[in-house]
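Okay, so here's the structure we're looking at.
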Amino acid sequence: MKKPKITVIGAGNVGATTAHRLSEGHLGDVVLVDVLEGVPQGKALDLYQAAPVVHHDCMLVGANDYEATAGSDIIVMTAGLARKPGMSRDDLQDANAKIVAECISRSVRKSRDSIIIMVTNPLDVMCEVARRVSGFPRERVIGMAGILDTARMRAFIAMEMGVSTDSVFALVLGGHGDSMVPLPRYTTVSGVPVTELLSKERLDAIVQRTAQGGGEIVKLLKTGSAYYAPAAGVYEMVDSIIRDRKKILPCAVYLQGEFGLKDVFVGVPCKLGAEGMEGVFQPKLSAEEKALLHKSAGDVAAQIGKLPADLGKN
Ligand code: APR
């Protein structure tokens, strides 16, 4: 059987780290694409030269155009500007919408049957750009954000309780921004709701810190945004799709009535398998949780409303 082929667009921090994880995780051959001449080629060669030492058989090549990407099974889109201190993800929208439109349109011409995983921010809006430009059904345009947001919440709970991150399960819904909706009610430590294990005060502090997303990392780094945890999130999605594992993972999905929301990308738990997004998993929400999710989706929809009307029409 042929090895899966994965295109990673953007050979910056997120893209190169993703290529590193995908190849060393034996998930497939990787084509790294970037506008910077020599950078994707150099990083791909460097990554490939690790293969004899770490024992993987995945080929890595770099390119400045899309010829080498033809016939990819998965396209991971990471190209675009990253946040600097003082910037919100929405501040990136106009510049990144142009980059995403160009990269997605050029890449899908070479890989009509691929599954697109979006990473570029503002995530939910960029998913909509990719959906319009590619013309792909919603099963094949999926955003990586919820895994990262829940991973952050899991990490904070593990730190607070002094337990392994493996024992903590968390759920965060909504847009990948300030109005994301961490759900303590569905967050457990070895099956026990965290609401029974931590004081309301400690839990509120964790929820708040989770909702800040990578803001604190942007402040610490000063020159860019998070990339190790985002790349790990992409790895988990690609793994579930390529190995048809059907994991339930929180991802940005184009909702069609689920949770009472329609025609908007928002983070919800969904099943990822060989067909891409194979179904939305709908836990029951309280009236308050539902209101927060709708508010978050409303914020995403407002940003989507600012996209140029002719996007994807030519
Ligand atoms: N085509 C291909 N590559 C491009 C294009 C383009 N049109 N425009 C920009 N790039 C490349 C840049 O040359 C750079 O190498 O995208 C890369 C971005 O890398 P970084 O600046 O290191 O940014 P990174 O931290 O990887 O974040 C990328 O992911 O998580 C999100 O918010 C983050 O939107 C940002 C994206």
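Name the residue, out of PRO122, PRO40, that is of a type outside the set (S, T, N, Q), more than 22 Å from ALA309 (Cα to Cα) and not assigned by TED's automatic domain parsing to the domain that holds GLY174.
After applying the criteria, what remains is PRO40.
Take the residues in the range 102-122 that are open to solvent by less than 20 Å² (accessible area, probe 1.4 Å) and over 17 Å from TYR254 (Cβ atoms); name whichever of them is farthest from the chain's Cα centre (by Cα).
SER111
Restricting attention to the range 33-43, does a residue exist that is open to solvent by less than 40 Å² (accessible area, probe 1.4 Å), more than 13 Å from ALA19 (Cα to Cα) and touching a helix residue (DSSP H, G or I) at 6+ places or on another chain (Cβ under 9 Å)?
No, there is no match, as no residue in the range 33-43 is open to solvent by less than 40 Å² (accessible area, probe 1.4 Å), more than 13 Å from ALA19 (Cα to Cα) and touching a helix residue (DSSP H, G or I) at 6+ places or on another chain (Cβ under 9 Å).
Mind counting the residues in the range 135-162 that are open to solvent by 10 Å² or more (accessible area, probe 1.4 Å) and small (Gly, Ala, Ser)?
Qualifying residue count for the region: 4.
Please specify each residue of the range 10-59 satisfying the condition of being more than 16 Å from the ligand (Cβ to nearest atom), of a type in the set (A, V, I, L, M, F, W, C) and part of a loop (DSSP other than H, G, I, E, B).
LEU27, ALA50, CYS58, MET59, listed by residue number.
What single numbered condition from (1) in a loop (DSSP other than H, G, I, E, B); (2) more than 23 Å from SER179 (Cβ to Cβ); (3) in the same structural domain as ALA158 (by TED's automatic domain parsing) fails to hold for ASP310?
Single failed check for ASP310: (3).
Out of the residues in the range 61-100 that are of a type outside the set (A, V, I, L, M, F, W, C) and open to solvent by less than 10 Å² (accessible area, probe 1.4 Å), state the one that is nearest to the ligand (Cβ to nearest atom).
It comes out as ASN96.
Name the helices (runs of 4 or more DSSP H) wholly within the range 150-257 that hold at least 1 residues that are away from the ligand (no atom under 16 Å from the Cβ) and at negative phi?
200-211, 228-242
The values are calculated or read from the model by the stated rules, or taken from the named source; none is laboratory data. This one's a predicted model, so the numbers in the text were calculated from it and none came from an experiment. Don't worry about glycine lacking a Cβ; one is built from the backbone with ideal geometry, like all the others, and counts go over all protein chains shown. Note: accessible area is taken over every heavy atom of the protein model, side chains too, but ligands, DNA and RNA are not part of it. Shrake-Rupley method; radii C 1.70, N 1.55, O 1.52, S 1.80 Å.
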